[in-house]
Amino acid sequence: MIRLALLLAAGAAAAPAPAPAPKPARTISFTTADGWTIAALYRAPRRIMPVVILVHGVGSSKGEWDAFARRLEEQGVGSLALDLRGHKDSTKGPKGVRTYADFDSTGEWPRAEADLDAAAAWLTRHDIPRARIAFGGASIGANLASIAAAKRPPTPFLILLSPGPDYRGVKPLLRPGLKTLAGASPGDGYSHQTLGPISAVKGAAIFEAPSGHGVQMFEDKATLDKVVAWVVATASQKLPGK
């Protein structure tokens, strides 16, 4: 009995320590240049890894990125997932509480680019160099992310899930040479048609998912694994500021 107890104790000592549980995302907020208060979930990067600003689609929220953000966090890549203006917790606009319901009639959608600018400014104020701030988006969020990334060199990379030719007045803008990964499912015809033109842009790569639009494509584990692997490989390359 004593011998068995000693063997069990030795085995326990030799067993690897369990991986530490991931820290919960930090809830933060910041204000845009045009007066919106934007809510976001922040997961800090490890050491000198990048942070990806993640932008959801119409009617969704920052929470749609949770599974992807946790996977990135496991690899040391940080994230800042936004509630776009008028969505969930980002409802206090310059003229009081408003939601996205009237954005089509007011032409507000293209102005949401300011939400991404404010997110990047928040990161730089918290010691994340501009050269380590990447962008990713889904649906209209993909188009907004492409604009922000194109206008803010040196952006390390860009992720586009189901971009479209024109979502509610927001058209994609691709900067040649920027490392870009864009994907869509064949059944999502409006988005899928953008993959051809994107593939012709220097630095861009494309993928197809079996089904889904935006982050719904991550319901296919192989697709989620593929995108995470691309981010990790790209983030591991020597970036400006490393």
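The values are calculated or read from the model by the stated rules, or taken from the named source; none is laboratory data. Everything quoted here is computed from the prediction, not taken from an experiment. With ideal geometry, Cβ positions are generated from the backbone for all residues, glycine too; neighbour counts draw on all protein chains shown.
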Problem - Tally of residues being under 18 Å from F218 (Cα atoms) and in a loop (DSSP other than H, G, I, E, B) across the range 165-182 - result: 0
Problem - Output for the range 25-57, where each listed residue is more than 22 Å from V227 (Cα to Cα) and either part of a loop (DSSP other than H, G, I, E, B) or in contact with a Phe, Trp or Tyr (Cβ under 6 Å, 6 or more places away or on another chain) (or both) - result: R26, I28, F30, T32, A33, D34, G35, W36, I38
Exercise for the section: Determine if the range 166-181 includes at least one residue that is surrounded by fewer than 16 Cβ atoms within 10 Å (Cβ to Cβ), on the phi > 0 side of the Ramachandran plot and either in contact (Cβ under 8 Å) with a residue 40 or more places away in the chain or among the small types (G, A, S) (or both). Expected result: yes
Practice task
Take the residues in the range 58-68 that are in a loop (DSSP other than H, G, I, E, B) and small (G, A, S), then tell me which one is nearest to G214 (Cα to Cα).
Solution key: S60
Problem - Residue under evaluation Q216, criteria (1) buried (at least 17 other Cβ atoms within 10 Å of the Cβ); (2) farther than 15 Å from S146 by Cβ; (3) in contact (Cβ under 8 Å) with a residue 12 or more places away in the chain, criterion not met - result: (3)
Exercise for the section: Tell me the helices (runs of 4 or more DSSP H) entirely within the range 69-154 that contain at least 2 residues that are aliphatic (A, V, I, L, M) and in contact (Cβ under 8 Å) with a residue 12 or more places away in the chain. Expected result: 113-125, 140-151
Exercise for the section: Can you work out which of the residues in the range 185-213 that are among the hydroxyl-bearing types (S, T, Y) and crowded, with 16+ Cβ neighbours inside 10 Å is farthest from G63 (Cα to Cα)? Expected result: T194
Handout entry: the range 219-242 - residue that is at pLDDT 95 or above and in contact with a Gly (Cβ under 9 Å, 6 or more places away or on another chain) and, of those, surrounded by the fewest Cβ atoms within 10 Å (Cβ to Cβ)
Key = E219
Handout entry: Residue that is farthest from the chain's Cα centre (by Cα) [pool: residues in the range 183-242 that are in a loop (DSSP other than H, G, I, E, B) and at positive phi]
Key = G241
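Rundown of residues vs (1) modelled with pLDDT of 95 or more; (2) surrounded by fewer than 24 Cβ atoms within 10 Å (Cβ to Cβ), yes/no style:
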position: H56; (1), (2): yes, no
position: D89; (1), (2): yes, yes
position: T99; (1), (2): no, yes
position: A118; (1), (2): yes, yes
position: L144; (1), (2): yes, no
